[in-house]
Amino acid sequence: MALSNVAGAASKMRTALEDNEAQYTLTLGQQSVPMNPLIGSRVTLAYQQQIHCVHCGRLSKKSFSQGYCYPCFQRLAQCDSCIVSPEKCHYFEGSCREPEWGEAHCMIDHIVYLANSSGVKVGITRGTQLPTRWIDQGAVAALPIFRVSNRLQSGLVESAYKAHVADKTSWQAMLKGTPPEQDLYARRDQLAEVCGDEIDALQKRFGLQAIQTIDDADVQHIRYPVVEYPTKVKSFNLDKVPLAEGTLMGIKGQYLIFDTGVINIRKYGGYQLELSSPAL
């Protein structure tokens, strides 16, 4: 049977939850491919030796910040260092690269949450990005703990918590299997007590309405379509070898898990890829 092909510029997989299971769609240019049905089949991803900026479409020799050309990387607010370190948001200082973008993306409600991905971690995201953010991190459970009025405040709350709990996922551990179950309600209560003075100070600084605790949220549980996890995590590097292929064993976070290695699709934003599989 001849392989079917889909080609175009890659972007991070779109996700959705159906009956608590993550559903994935790979976008290549103008074409979308549901990926869950391909699990168990032979799949090939071939890099076509071209990168187009995910923002302006310019042909680029190198990808910056997961898909941007260098001029956009230097110019866009979404590529600024405060995106990685929200406590460094400088919108209020009048030095945001794109104030209108900041208004739309940073000066809106954010959620501070606890999640179990490779263990318990604290994280932040825009209120509109749940449960997408949790799925992208490979979390098997997550619990909102604060709603705050902007990105800076979410970063400051996160900073208070990350002195006592991780703020990053170990992607290798996340891809090796399901982490041990954690009582996120109990961890929320423990951390609230430990960080109480710092949160009180932030509420006095910004106002009680700006930083609100969430006491009535339920834990969101998430399953991933994985038939077998790798015992050793080996990543494909398309810049060195422009081909990733094997039997697709599962998908978790933004990773395709093959029997031959794993690949982080988000890393290759803007790369021209060709997807082939007899299951297409």
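Please specify each residue of region 13-30 satisfying the condition of being exposed (fewer than 12 other Cβ atoms within 10 Å of the Cβ) and modelled with pLDDT of 95 or more. Write out each step before concluding.
First, the residues of region 13-30 that are exposed (fewer than 12 other Cβ atoms within 10 Å of the Cβ): 18-20, 30.
Hits for region 13-30 are E18, D19, N20.
Across region 192-211, what is the number of residues that are surrounded by 14 or more Cβ atoms within 10 Å (Cβ to Cβ) and in contact (Cβ under 8 Å) with a residue 60 or more places away in the chain?
2
Yes or no: region 212-219 includes at least one residue that is in contact with a Pro (Cβ under 7 Å, 6 or more places away or on another chain), in the same structural domain as G177 (by TED's automatic domain parsing) and touching a residue at least 24 places away in the same chain (Cβ under 8 Å). Don't jump to the end; show me each part of the working.
Start the filter on region 212-219 by keeping residues that are in contact with a Pro (Cβ under 7 Å, 6 or more places away or on another chain), which leaves 214, 217.
Now drop any that are not in the same structural domain as G177 (by TED's automatic domain parsing), which leaves 214, 217.
When the remaining residues are screened for being touching a residue at least 24 places away in the same chain (Cβ under 8 Å), the result is 214, 217.
Yes, region 212-219 contains at least one residue that is in contact with a Pro (Cβ under 7 Å, 6 or more places away or on another chain), in the same structural domain as G177 (by TED's automatic domain parsing) and touching a residue at least 24 places away in the same chain (Cβ under 8 Å).
Would you please name the residue that is surrounded by the most Cβ atoms within 10 Å (Cβ to Cβ), looking only at residues in region 93-148 that are outside any helix (DSSP H, G or I) and in contact with a His (Cβ under 8 Å, 6 or more places away or on another chain)? Working first, answer last.
Filtering region 93-148 for residues outside any helix (DSSP H, G or I) gives 94-98, 106-126, 130-131, 137-148.
After this cut, where a residue has to be in contact with a His (Cβ under 8 Å, 6 or more places away or on another chain) as well, the list is 96, 124-126, 140-141, 147-148.
On the way: C96: 19, I124: 22, T125: 21, R126: 17, V140: 22, A141: 19, R147: 18, V148: 24.
Looking at residues that are outside any helix (DSSP H, G or I) and in contact with a His (Cβ under 8 Å, 6 or more places away or on another chain), I get V148.
From the list Y161, Y185, Y224, pick out the single residue that is surrounded by fewer than 19 Cβ atoms within 10 Å (Cβ to Cβ) and at pLDDT 95 or above.
Values: Y161 fails: surrounded by fewer than 19 Cβ atoms within 10 Å (Cβ to Cβ); Y224 fails: surrounded by fewer than 19 Cβ atoms within 10 Å (Cβ to Cβ).
Among Y161, Y185, Y224, only Y185 is surrounded by fewer than 19 Cβ atoms within 10 Å (Cβ to Cβ) and at pLDDT 95 or above.
Taking L45 and the conditions (1) surrounded by 18 or more Cβ atoms within 10 Å (Cβ to Cβ); (2) out of contact with any Phe, Trp or Tyr (no Cβ under 6 Å at 6 or more places or on another chain); (3) assigned by TED's automatic domain parsing to the domain that holds Y161, which numbered condition does it fall short on, given that it satisfies the others?
(3)
Being crowded, with 20+ Cβ neighbours inside 10 Å and touching a Gly at 6+ places or on another chain (Cβ under 6 Å) is the filter here; which residues of region 235-268 pass it?
F236, K252, G253, I257, F258
Restricting to region 58-71, what's the tally of residues that are under 28 Å from M107 (Cβ atoms) and surrounded by fewer than 20 Cβ atoms within 10 Å (Cβ to Cβ)?
Within region 58-71, the subset under 28 Å from M107 (Cβ atoms) is 64-71.
This time we only want the ones that are surrounded by fewer than 20 Cβ atoms within 10 Å (Cβ to Cβ), so: 64-66, 70-71.
Of the residues in region 58-71, 5 are under 28 Å from M107 (Cβ atoms) and surrounded by fewer than 20 Cβ atoms within 10 Å (Cβ to Cβ).
Of all residues in region 171-191 being in a helix (DSSP H, G or I) and touching a residue at least 60 places away in the same chain (Cβ under 8 Å), which is farthest from V148 (Cα to Cα)?
So the residue we want is Q172.
Go through (1) of a type outside the set (D, E, K, R); (2) under 23 Å from G250 (Cβ atoms); (3) in contact with a Gly (Cβ under 9 Å, 6 or more places away or on another chain) for P86 and report which single condition fails.
For P86, the exception is condition (2).
Kindly indicate which of K232, K176 is surrounded by fewer than 18 Cβ atoms within 10 Å (Cβ to Cβ), of a type outside the set (V, I, T) and over 19 Å from the mean Cα position of the chain (by Cα).
Details: K176 fails: over 19 Å from the mean Cα position of the chain (by Cα).
Only one candidate passes the filter, namely K232.
The values are calculated or read from the model by the stated rules, or taken from the named source; none is laboratory data. From a predicted model like this one, the values you see are computed outputs, not experimental measurements. We place every Cβ from the backbone using ideal geometry, glycine too, and count neighbours over all the protein chains shown.
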